[in-house]
Amino acid sequence: MTARTWIGTGGYVFFLVAAAVIAASIGGSIERTLIVFFISLIAVLGMGVYSGNSGILSFGHLAFMGIAAYLSGILTMPVAMKKVTLANAPDFLANAHLNFFSATVVTVIFVMLVALVVGIVISRLDGSSATIATLGLLVIVHGVIIGARDITRGSQSFFGVPRWTDITVAAGCAVLAIVIARLFKDSVFGLKLRASRDDQLAAGAMGVNVRMQRLISWVISAGLVAIAGVLLGHFLGAFSVKKFYFVDTFALLAMLIVGGMATVSGALAGAVLITLVSELLRRIEGGIDVFGFQTPTLFGTTQIGIGLIILLVMYKKAGGLLDRLEWDEILLPRLAGRQTGPAASVVEAPVVALEGTLEAREITKAFDGLVALDKVSLSLKSGEIVGLIGPNGSGKTTLLNVLSGMLPETSGKSFIDGADVTGTPAYRLGGMGVSRTFQNIRLFSSMSVRQNVSVSALDKWPLTKGRAAGAIVDLALQTMKLTEVSEVQASTLSYGDQRRVEVARALALNPRFLFLDEPAAGMNREETDALLEDLKGLRERFGMGILIVDHDLPLIMKLCDRVVVLNEGHVIAEGAPQSVQKDPQVIEAYLGKKGSRQVAEILTE
Amino acid sequence: MDVFIQQSINAVSLGGTYALLALGLAIIFSIMGMINFAHGELMTITGYALMYCGLVGLPFVIAAPFAILIAVVAALLMERIAFRPVRNSSGATLLVTSFAVAVILQTLFQNLVSPRSQAVILPDMLAQSVHFGSLSIGINQILSITITLVILVLLNWFLRHTILGMAMRAAAEDFSITRLMGVRANAVIAGAFAISGALAGVAGVLWVAQRASVDPLMGFIPVLKAFIAAILGGLGSLTGAVAGGFALGFIEIYLAAYLPDHIQPYREALALGIVIFLLLLRPNGLVPAFNVGREKV
C-alpha cells in the first residue's frame with residue numbers, strides 16, 4: 001500500500017460521509033434517493049472488484065444480490081409472519097430469527113460460498129465466454145428463485161422483511177465497500193489481476209496464476225454485492241424477483257461502465273451520474289407540464305436515457321469518463337507510488353543463482369498436421385549463454401513457448417535439475433525459475449514500468465515480503481537502466497525501452513533460466529552493442545543460464561558459449577559459434593542449395 | 001418410443017432455431033470480437049414486420065421474405081449507426097454498446113407499437129399437422145426443420161465458394177492480415193451483419209410461426225439461449241454455433257419431456273446448469289474456434 005492509496009481512499013470516504021450528512025439533514029425523498037444511491041454504489045463497487053480488475057464484464061452479480069436479499073429477508077423475518085407467508089418453508093429457515101448484523105454475516109458467507117462454486121467454472125473461461133457464463137448464472141438463479149416457491153413465494157411479491165436499512169447503515173456499508181474496493185485494487189491481488197487483464201499470456205509467464213486471481217476477486221466481489229442485496233431487501237421491505245434481473249443489471253452495468261470500470265473513482269462517478277439522470281428522467285416519465293403542455297407518458301424513459309448515455313460515453317471515451325485514472329492520480333499526479341514504510345532503496349547484493357540444468361528431451365510439437373518441432377533436445381546450464389538460431393518458421397519461438405509452459409508439447413519431456421516438469425503450467429514454471437521475454441512486446445500496457453516489474457517480483461508473495469520485492473524491483477530497474485522512467489506508463493515508452501522493460505520484468509522473477517526472444521529486434525548496431533554488454537553483465541551478476549533467440553548473428557556469435565541451429569523443426573547443428581558458422585548444413589538452411597554452393601566456393605578459394 | 005421420436009423432432013425444430021441465432025452471433029463475433037446483444041431485437045423487428053404485413057393483408061409467402069429483408073436492413077443500419085464508431089474497441093465496450101442498443105430498441109417497441117403482446121395473422125395451414133402412424137408433426141415444425149437445413153447448406157456454400165464468403169472466413173481467422181490482403185473491412189463487416197440479420201430474420205419468422213404473437217421482449221430470451229449455445233459450441237466457431245444450438249435444443253426439450261413434475265419449475269436453470277457443467281469439461285466449447293489458443297507470442 002502506498003501513500004497514494006490512503007489519500008485516494010480518504011477522499012472517497014470524505015465525499016460519502018459528507019453526502020450522507022447533508023442528505024440526512026434534509027431528509028425526505030433526498031434521503032431515500034441517497035440510500036438507494038449508496039446501495040447501488042456498493043453493488044457497483046463489488047462488480048468493479050471483479051470486472052474492473054479482470055477486464056471481464058459480469059451480468060451475474062445481480063444473481064448474488066438476489067440470493068442475498070431473499071436469504072437475509074428470510075433470516076430476519078419474524079417467525080410468526082413466516083408461518084403465514086412461507087408456510088412450507090423448511091424448519092431451519094422457518095424458525096430462524098436473526099438480528100440484522102448476524103443475518104448479514106450469514107448471508108455474505110453463504111453468497112461467497114455459492115460464488116466460490118460458480119467461480120470455479122467461470123474462472124476457467126476467458127473474456128467473452130466468461131461474460132456469457134455469468135449471463136447464464138443470472139438466468140439460472142432467476143429460475144431457481146421462481147421455482148423455490150416455498151421459501152421465495154416464486155414470482156409473487158416477497159414481503160415482510162423488516163425495514164432496517166437507514167442512511168447511517170447504508171453510508172457505513174458504502175464506506176466499507178469503497179475502502180475494500182480501493183485496497184483490493186492496489187493490493188498484490190489487484191496488481192496481478194490487472195496484469196492479466198492487460199496481457200493474460202504475459203501475466204502467466206510472470207508467475208501469475210490467472211484463474212486463481214480471477215476466482216479470488218470473483219468471490220470478494222460477490223461478498224460486496226451480497227451486502228448491497230441485504231441492504232436493498234431491508235430497505236424495500238417488499239420486492240419481487242424482477243428486481244434482480246436485466247433491468248437493474250443494465251442500470252448497474254451503466255454505472256460501472258460510464259465512469260470507467262477500471263477504477264474505483266470511475267465506479268463512484270458513474271453511480272453519481274446515473275443516479276442523477278435516472279432521478280431526473282423518472283420525473284419526466286409520467287408526463288410533465290412544460291409551459292402549459294402536458295407531455296405524453298413514455299415507457300422506459302430512464303432506460304432510453306441510460307442507453308443513450310452509454311452510447312455517448314462509448315463513442316467519445318471507450319474507457320469511461322475517468323478512463324484508467326483514479327481521482328488522486330488526476331488531481332495529484334506527482335504523488336509517486338512510493339512505499340509508505342522506510343525507503344526501500346537499499347539494493348541487496350545480487351543473488352547468484354544456484355547451479356542447475358534445464359533439459360528438453362525429444363520435444364515434438366504438432367499443430368494439427370504441421371510438425372513445428374520434431375524431437376528437439378536441448379540443455380541449458382546456469383551460467384551458460386546458448387543461442388538458438390534458424391531461418392524464419394524453423395520453430396525457435398515454438399520451442400521457447402513449450403519450454404516456458406505456454407504451449408503443451410505433443411510428446412517429449414522436459415526436466416529441471418533432473419525433475420520432470422513436463423506439462424507444468426507457465427505460472428508454476430515461473431516460480432521454478434524459468435522466465436522469458438516476448439518477441440512481440442507484451443507489457444502490461446496500462447501499468448507503470450515499476451508496476452510491470454513488480455508483478456513478477458511479487459511472484460513469491462506473501463513468502464517474499466512487499467519490501468523485499470520492492471528491492472528486487474529496484475535492482476531489476478537499475479540493471480536495465482530504467483530507474484528514471486519507473487513511474488512512466490509502459491506503453492508510452494520508446495520501442496527500445498519497452499524491450500528493456502521486458503528484460504527487467506523477466507529478471508525480477510529471479511530466474512535461473514532466462515529465455516530472450518529476439519531482444520535485439522528493431523535495434524540499431526549501437527543499441528545492440530549496448531544490449532550485448534548488458535546481457536553479459538546479467539550472467540556475471542546473477543549467474544543464470546540464458547537461452548537467446550535472435551536473427552542478429554554477429555550478436556549471437558559474440559555473446560554465446562554454444563549455438564543450437566533449428567531448421568524446419570529439427571536441430572541441424574549444435575556447438576561452438578565458430579564451428580556452427582562453418583557447418584555446410586547451416587549455410588544451406590539459411591541460403592538454400594545454390595547459395596550454399598557459392599559460399600562453399602568462396603570459402604575454399 | 002413414439003414420445004421419444006416426437007420429442008426428438010421438437011428438439012430438432014427448437015435446436016434449429018437456436019442454431020440459426022447462434023450462427024448469426026458467431027459470424028459477428030468471429031470477425032469483430034463483438035457479442036451482439038441487439039441480435040434479439042432483429043428477431044423482434046421481423047416479428048413486427050410480419051404482424052404489419054398480416055394487418056395489410058399480404059400473403060405469408062410474400063410477407064416472410066419481406067420481413068427477413070427488413071431484418072437485414074435493420075442489421076445493416078445498426079452496424080452503420082451504432083457499432084461503427086466503436087468498431088476497434090475492446091470486447092467489453094462492444095458488448096456494452098450493443099446492450100444499450102438492445103435496451104433502447106426494446107423501449108422504442110414498447111412506445112411505438114405496444115408494451116403488450118400482439119397477435120400475428122398466419123395462414124391456417126401452419127397450425128395443422130401431418131400424421132405418420134401415431135406420430136403427429138406440425139406443418140410449422142416440418143417447415144422449420146426444412147428451412148433451417150436449407151439455410152445451413154446455403155450458408156456453407158456461400159462461405160466456401162464466394163469471394164465475400166471466403167473473405168469473411170479469412171477475416172474470422174485474422175482480420176488484420178485479411179485487410180492487408182486488400183479486403184475492405186467495411187465490406188466484410190457489412191456482409192457479416194447482412195448475413196447475421198438474415199439469420200435472425202429467418203429465426204424470427206420461425207419463432208413467430210410457432211407462437212402467432214410478438215412482443216417487445218420476444219427476441220431477448222431466445223438470443224440469450226443462443227449466446228449460451230454459442231459458448232457451448234465454442235465461441236467464434238461457426239460449426240460450433242450450430243452444434244451448440246442443436247445441443248441446447250435437445251437438452252431443453254428432453255428435460256421438459258422427461259423431468260419429474262416437481263422439478264419442472266427448475267427446468268431452465270437445470271438446462272443451463274448442464275451447459276455450464278459441459279463447459280467445465282470443455283472450456284473452449286464442443287468445436288473450438290480455429291484461433292483459440294493460437295495467439296501468437
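Every number here is computed from the coordinates shown, using simple stated rules; none is lab data. Keep in mind that what you see is a predicted model, and the values were worked out from it rather than measured. Reconstructed Cβ throughout: ideal geometry from the backbone, glycine too, with neighbour counts over all protein chains shown.
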Using a/c under 1.5 as the rounded threshold, could you call the protein assembly as shown rounded, prolate or oblate? The axes a ≥ b ≥ c are square roots of the C-alpha gyration tensor eigenvalues, and prolate needs a/b larger than b/c, oblate otherwise. oblate
Any idea what angle helix A:495-507 forms with the longest principal axis of chain A, computed on alpha-carbon atoms, 0 to 90 degrees, nearest 10? 90
Between A:Leu280 and A:His97, take the C-beta separation as r, use R0 = 51 Å, and let me know the FRET efficiency to the nearest 0.05. 0.80
Inter-part distance where the stretch A:39-95 and the stretch B:78-132 are each reduced to a Cα centre, Å: 31
Measuring from the longest principal axis of the C-alpha atoms of chain A, the long axis of helix A:167-186 (C-alpha) lies at a number of degrees, nearest 10, equal to 0
Using +1 on the beta carbon of Lys and Arg, -1 on that of Asp and Glu, and nothing else charged, what's the dipole of the stretch A:444-510 about the Cα centre, debye to 20? 180
Mind jotting down the distance between the C-alpha centroids of the stretch B:251-270 and the stretch B:1-77, whole Å? 25
Would you mind computing, in nm to one decimal, how far apart the modelled labels at A:Trp6 and B:Ile163 are, each placed 7 Å from Cα along Cα→Cβ? 6.8
Would you mind ranking A:Ile151, A:Ile7, A:Ile257 so that the residue whose beta carbon has the fewest other beta carbons within 10 Å leads the list? A:Ile7, A:Ile151, A:Ile257
If you average the sequence gap of Cα pairs under 8 Å that are 6 or more apart and divide by the length of the stretch B:21-130, what percent do you get for the contact order? 35
Output the peptides B:175-183, A:232-240 sorted from most to least packed, where packing is the average of other Cβ atoms within 10 Å over each peptide's residues. A:232-240, B:175-183
Relative contact order (percent) for the stretch B:89-154, with alpha-carbon contacts under 8 angstrom and 6 or more residues of separation? 15
Using only the Cα atoms of the stretch B:1-58, build the gyration tensor, take square roots of its eigenvalues as a ≥ b ≥ c, and label the shape rounded, prolate or oblate: rounded if a/c is under 1.5, else prolate if a/b is larger than b/c, else oblate. oblate
Shielding of A:199-205 by partner chains, average beta-carbon count, 10 Å: 1
Gain in length, A:Ile26 to A:Ser494, computed as 0.36 nm per residue apart minus the alpha-carbon separation, to one decimal in nm? 163.0 nm
Angle between the Cα long axis of helix A:525-542 and the longest principal axis of chain A, 0 to 90 degrees, nearest 10? 80
List the lysines whose Cα lies under 27 Å from the Cα of A:Lys381, skipping any in the same chain that are fewer than 8 positions away. A:Lys365, A:Lys396, A:Lys413, A:Lys460, A:Lys481, A:Lys536, A:Lys558, A:Lys582
Only Cα pairs under 8 Å and at least 6 apart count here; give the relative contact order of the stretch A:3-249 as a rounded whole percent. 40
Cut-off is 10 Å between beta-carbons; in what order do B:Met125, A:Met447, A:Met523 appear when sorted fewest neighbours first? B:Met125, A:Met523, A:Met447
If the only charges are +1 at each Lys and Arg Cβ and -1 at each Asp and Glu Cβ, what is the size of the charge dipole of the stretch B:95-208 around the Cα centre, to the nearest 20 debye? 200
Which shape class applies to the stretch A:444-510: rounded if a/c is under 1.5, otherwise prolate when a/b exceeds b/c and oblate if not, where a ≥ b ≥ c are the square roots of the Cα gyration tensor eigenvalues? prolate
Residues in the stretch B:108-146, backbone N under 15 Å from the label point at B:Leu217 (7 Å along the Cα-to-beta-carbon vector): list them, ranges by number please. B:108-111, B:114-118
Given A:Thr85, A:Thr134, A:Met206, which one lies farthest toward the positive end of the charge dipole of the stretch A:3-249, if we put +1 on the Cβ of every Lys and Arg and -1 on the Cβ of every Asp and Glu? A:Thr134
Going toward the positive end of the dipole of the stretch A:3-249, with +1 on Lys and Arg Cβ and -1 on Asp and Glu Cβ, which of A:Ala226, A:Ser196, A:Gly52 do you reach last? A:Ser196
Other protein chain Cβ atoms within 10 Å, averaged over every residue that makes up A:140-148: 5
Dipole in debye (nearest 20) - the stretch A:3-249, about Cα centre, beta carbon charges: Lys, Arg +1; Asp, Glu -1: 100
Report the FRET efficiency, 1/(1 + (r/R0)^6), for A:Ile109 and A:Leu463, where r is their Cβ-Cβ distance and R0 is 25 Å, rounded to 0.05. 0.35
Set the Förster radius R0 to 60 Å, insert the Cβ-Cβ distance between B:Arg267 and B:Ala187 as r into 1/(1 + (r/R0)^6), and round the FRET efficiency to 0.05. 0.85
Alpha-carbon centroid distance for the pair the stretch A:569-595 / the stretch A:148-207, whole angstrom: 59
At a 10 Å Cβ-Cβ cut-off, how would you order A:Leu224, A:Leu93, fewest neighbours first? A:Leu93, A:Leu224
Could you give me the ³J(HN,Hα) list for the stretch B:47-52, computed from phi with Karplus coefficients 6.51, -1.76, 1.60 and θ = phi - 60°, whole Hz, x at Gly and Pro? x, 5, 4, 4, 4, 5
